[in-house]
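Data first, discussion second: the structure below is written as structure tokens.
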Amino acid sequence: MAAGAQPDGGFARLWEDHRQSLSPEGFRGVDFDGVDLALLDADVADLVHRELNGGLDDSGIACLRGCIADLETRSFP
């Protein structure tokens, strides 16, 4: 989504569903292949919040790409 664009209602609903759900017990405080899942979740939460409140700037998009790269290059059970 371009910076400043408003996300559709579906994205906001998905985010609210995620916020209301609990993290699986087995993933709290867990580090997989050098990625702390709680920290990754917090980073993504910040990015979603920023997107819902005006859109991601270039640094936000770069951070999102880094999160995606972490997920793509690691082996999670």
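The single condition from (1) touching a helix residue (DSSP H, G or I) at 6+ places or on another chain (Cβ under 9 Å); (2) over 21 Å from Gly9 (Cβ atoms); (3) open to solvent by 60 Å² or more (accessible area, probe 1.4 Å) that His49 fails is (2).
Going by what's in this entry, would Leu40 be described as open to solvent by 80 Å² or more (accessible area, probe 1.4 Å), assigned to a helix (DSSP H, G or I) and within 28 Å of Gly9 (Cβ to Cβ)? Break it down into steps so the answer makes sense when it comes.
Working: open to solvent by 80 Å² or more (accessible area, probe 1.4 Å): no; assigned to a helix (DSSP H, G or I): yes; within 28 Å of Gly9 (Cβ to Cβ): yes.
The answer is no for Leu40.
Across segment 1-37, the number of residues qualifying as touching a Pro at 6+ places or on another chain (Cβ under 9 Å), surrounded by 13 or more Cβ atoms within 10 Å (Cβ to Cβ) and either modelled with pLDDT under 80 or of a type in the set (S, T, N, Q) (or both) comes to 1.
For segment 52-76, taking the residues that are closer than 22 Å to Glu25 by Cα and either hydrophobic (A, V, I, L, M, F, W, C) or not in a helix (DSSP H, G or I) (or both), the one that is least open to solvent (accessible area, probe 1.4 Å) is identified as Cys67. Contact map, segment 31-52: residues that are farther than 15 Å from Cys63 by Cα paired with residues that are open to solvent by 60 Å² or more (accessible area, probe 1.4 Å) and part of a strand (DSSP E or B), Cβ distance under 8 Å, separation 6+ or inter-chain. Pairs shown: Leu37/Asp31.
The values are calculated or read from the model by the stated rules, or taken from the named source; none is laboratory data. All values reported here derive from a predicted model rather than from experimental measurement. Reconstructed Cβ throughout: ideal geometry from the backbone, glycine too, with neighbour counts over all protein chains shown. For the accessible areas, the whole protein counts, side chains as well, though only heavy atoms, and no ligand, DNA or RNA atoms are used. Shrake-Rupley method; radii C 1.70, N 1.55, O 1.52, S 1.80 Å.
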